[in-house]
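The values are calculated or read from the model by the stated rules, or taken from the named source; none is laboratory data. Computed from a prediction, not measured in an experiment: that's the story for all the values here. Cβ sites come from the backbone with ideal geometry, for glycine too, and all protein chains shown count toward neighbours. Side chains included, ligands, DNA and RNA excluded: accessible areas come from the protein's heavy atoms. Shrake-Rupley method; radii C 1.70, N 1.55, O 1.52, S 1.80 Å.
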Amino acid sequence: MKKKKLNLRDLNKTSSDTHKRNDGHNHSSPESIGKFKIYVPAIFSFVMLIIGIAMDYFDVAFFKDWIRIVWYAVAYLPVGFPVIKEGWKSIKNGDFFTEFLLMSIATIGAFAIGEYPEGVAVMLFYAVGELFQSAAVKKAKGSIKALLDVRPNEALVHRNNNYVSVNPETVQIGEKVQVRVGEKIPLDGVLLSEKGSFNTAALTGESKPDTIAKGEKVFAGSINLDGVIEIETTKEFKDSSIARILDMVQNATARKSKTELFIRKFARIYTPIVVFLAIGLTFIPYFFVDDYVFSDWLYRALIFLVISCPCALVISIPLGYFGGLGAASKNGILFKGASYLDEMTKVNTVVMDKTGTVTKGVFKIKEIKAIGWKEPEFMKYLMAMEEQSTHPIAKAIMEYKADGEDFQATKVTEIAGKGLKGTVNGKTVLVGNKALMISNNIEVLSETDSIVESIVMVSIEGKFAGYVIIADELKDDAHEAIKQIRESGISKIIMLSGDKDSITQQVAKEMGIDTAKGGLLPEDKLNEVEKLMSENDGRVAFIGDGINDAPVLAASDVGIAMGGLGSDVAIETADVIIQTDQPSKIAKAIKIGRSTRRIVYQNIALAFGVKAVVLVLGAGGLATMWEAVFADVGVALLAILNAVRLQKMKWK
């Protein structure tokens, strides 16, 4: 069957529409027809049923014959007619073996043999089960509906020397947008104001406000917390990170897990089989049983039909996976489909990039050693030279704060592959690597030979004046991430990086990673991961920043992007996205996947186990319609409540 792609504007309807498409149930949206109104038919039928049973019990004189039949018929219609109607629609569409047909046959059959209260009760409990299912689906979709709330619906754009309110979808790239306090950023862009403070909780799961400086990226859906700001848009609304993530999450349910697909296929085969078994159970005993009574065997067959409804399986399993997707989203982890929840449970090897994955990807000064100079003065000489460069290392050095006036460099020339030469305060200054020092006959300290990080050496007037070590910082939770990944049962953790092998090995050693390789090109990483996949019985997960690592993210069994909201490639290529850029979320993703699988397997075992027992009892005449109700609706409700537990779980 061709799946209809969900549209962002239709999300409010998906609680009913998606469920109806997926399992054949028809759930009305409480928002559309009123919270109380949908319960009226069930309440009416329940009251009528209780009164009818009471009159039967006390043997009320007038409650006989046609009055009794009409009473129970009136009790039946509010809950039974919608089901019969859906069953007829399904038959007209060529789909005969639906649970609507099963429930219709079973309850009408109960009326035919005079079991009026049981016929009403079966359909009433079925209707109540439907209401519970609708509520459960609505709850499971809560986190995604919350995401919808972060979509801005207006933008104040600077046009014709004035700010005008327009639909964000009409704003073009490069336009200037004003955002007031408490308003949502309407489109992705860069900050034009000096600084801004933003609440990004709905996007990243982080409650701590994010402070952004002029020229840095801001993302649609973030809430402005401090003063009126201006941004320049860098993407159209449809391409904004929040719009694409919303679309991805909404359509995640279209990517079914293998378990879910199997159950759906199984239900399509299983239902017609039990219909024919029920027919056989009605008529075949005639040829083998001496005291055959048609009504008795028809009653057993009707019980058999009620029990056989695959409701518990068909709804609780998709609901379990949807609950897992919602729980992950709430924790800042986006799975692109239920199938990846399953894949995460099979991962036994984790391969990770270094820069931007376990490190911040930003150079910082790690150590300053000045020889014969005070540190601030030494740094002023170095900064005067580096001010001429745009290299990331130069930018890291320029972040140093020194009191007093800055020095000015003149006659600065670049020596290819070695560094810079120039004049500062009338003194000749060399800034660069060890090769630059050696070529100018400057003796450097032997201790620098053991330094694996990036090192900037300085000489002033022909004498070695010191050095600065520049390194990429580990993310705050990097060590905790490795610890939690190991605690989740994954012992094989590998680091592959394009950075120098010496630096890669040092970072891996510091983090407790046993195997690491550096100096790799993107194709080298791809070859390494493909080799691991060919040798591995389980699944290989690769974690990267989603840009240079795109080929490996696409090729690995599970691609996990640490690209957050800032990387288009991460959103497009990876199977799982860690919105907060925290590597510790990887272990949480594995745990959520395992919890989801456990819930789904519990539901399968519960549904099959109870149904098998009651089916045998019903066929043998040892179970009544009441046991059948429990085996169908009761088990479905238990399975739904079990699936909803995922929304309440906490993972460390």
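The table below gives the values:
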read-out: Residue in segment 447-488 that is most open to solvent (accessible area, probe 1.4 Å), counting only those that are of a type outside the set (D, E, K, R) and closer than 30 Å to Asn348 by Cβ; value: His479
read-out: Residue that is nearest to Gln582 (Cα to Cα), among those in segment 351-378 that are over 39 Å from the mean Cα position of the chain (by Cα) and in contact (Cβ under 8 Å) with a residue 60 or more places away in the chain; value: Glu367
read-out: Single match in Ser90, Ser134 (criterion: at pLDDT 80 or above and in a helix (DSSP H, G or I)); value: Ser90
read-out: Residue match in segment 514-522 (condition: closer than 22 Å to Asp449 by Cα, assigned to a helix (DSSP H, G or I) and at pLDDT below 90); value: no
read-out: Boolean, Lys418 is open to solvent by 70 Å² or more (accessible area, probe 1.4 Å), within 30 Å of Val540 (Cα to Cα) and not aliphatic (A, V, I, L, M); value: no
read-out: Leading residue by the ranking (surrounded by the fewest Cβ atoms within 10 Å (Cβ to Cβ)) among those in segment 528-549 that are part of a helix (DSSP H, G or I) and touching a residue at least 24 places away in the same chain (Cβ under 8 Å); value: Glu530
read-out: Scope segment 42-65; condition assigned to a helix (DSSP H, G or I) and of a type in the set (Asp, Glu); matching residues; value: Asp56, Asp65
read-out: Residue list for segment 218-247, filter: farther than 18 Å from Thr580 by Cβ, at pLDDT 80 or above, among the hydrophobic types (A, V, I, L, M, F, W, C) and open to solvent by less than 10 Å² (accessible area, probe 1.4 Å); value: Ile229, Ile231
read-out: Among (1) over 38 Å from the mean Cα position of the chain (by Cα); (2) in a helix (DSSP H, G or I); (3) at pLDDT 80 or above, the one test that Leu622 misses; value: (2)
read-out: Enumeration of residues in segment 421-446 that are out of contact with any strand residue (DSSP E or B) (no Cβ under 7 Å at 6 or more places or on another chain), in a helix (DSSP H, G or I) and open to solvent by less than 70 Å² (accessible area, probe 1.4 Å); value: Ala435, Ser439
read-out: Count of segment 187-217 residues which are at pLDDT below 90, buried (at least 17 other Cβ atoms within 10 Å of the Cβ) and touching an Asp or Glu at 6+ places or on another chain (Cβ under 7 Å); value: 3
read-out: Residues satisfying the stated conditions in segment 285-335, i.e. among the polar types (S, T, N, Q), assigned to a helix (DSSP H, G or I) and surrounded by fewer than 24 Cβ atoms within 10 Å (Cβ to Cβ); value: Ser295, Ser329
read-out: Hits in segment 395-414 (condition: open to solvent by less than 50 Å² (accessible area, probe 1.4 Å) and either in a loop (DSSP other than H, G, I, E, B) or in contact with a Gly (Cβ under 9 Å, 6 or more places away or on another chain) (or both)); value: Tyr400, Ala402, Phe407, Ala409, Val412
read-out: Residues of segment 349-384 classified as assigned to a helix (DSSP H, G or I) and open to solvent by less than 10 Å² (accessible area, probe 1.4 Å), total; value: 5
read-out: Subset of segment 434-467 [farther than 16 Å from Ala370 by Cα, of a type outside the set (A, V, I, L, M, F, W, C) and within 47 Å of the chain's Cα centre (by Cα)]; value: Asp449, Ser450, Glu453, Ser454
read-out: Segment 489-498, residues that are part of a loop (DSSP other than H, G, I, E, B) and open to solvent by less than 10 Å² (accessible area, probe 1.4 Å); value: Ile490, Ser497
read-out: Residue check for Ser502: farther than 23 Å from Ala587 by Cα, open to solvent by less than 60 Å² (accessible area, probe 1.4 Å) and not charged (D, E, K, R); value: yes
read-out: Among (1) modelled with pLDDT under 85; (2) touching a Leu at 6+ places or on another chain (Cβ under 8 Å), the one test that Val358 misses; value: (1)
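Rundown of residues vs (1) outside any helix (DSSP H, G or I); (2) over 12 Å from Glu230 (Cα atoms); (3) over 26 Å from the mean Cα position of the chain (by Cα), yes/no style:
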{"site": "Val157", "(1), (2), (3)": "yes, no, yes"}
{"site": "Val164", "(1), (2), (3)": "yes, yes, yes"}
{"site": "Glu169", "(1), (2), (3)": "no, yes, no"}
{"site": "Ile173", "(1), (2), (3)": "yes, yes, yes"}
{"site": "Gln178", "(1), (2), (3)": "yes, no, yes"}
{"site": "Gly182", "(1), (2), (3)": "yes, yes, yes"}
{"site": "Pro186", "(1), (2), (3)": "yes, no, no"}
{"site": "Ser193", "(1), (2), (3)": "yes, no, yes"}
{"site": "Phe198", "(1), (2), (3)": "yes, yes, no"}
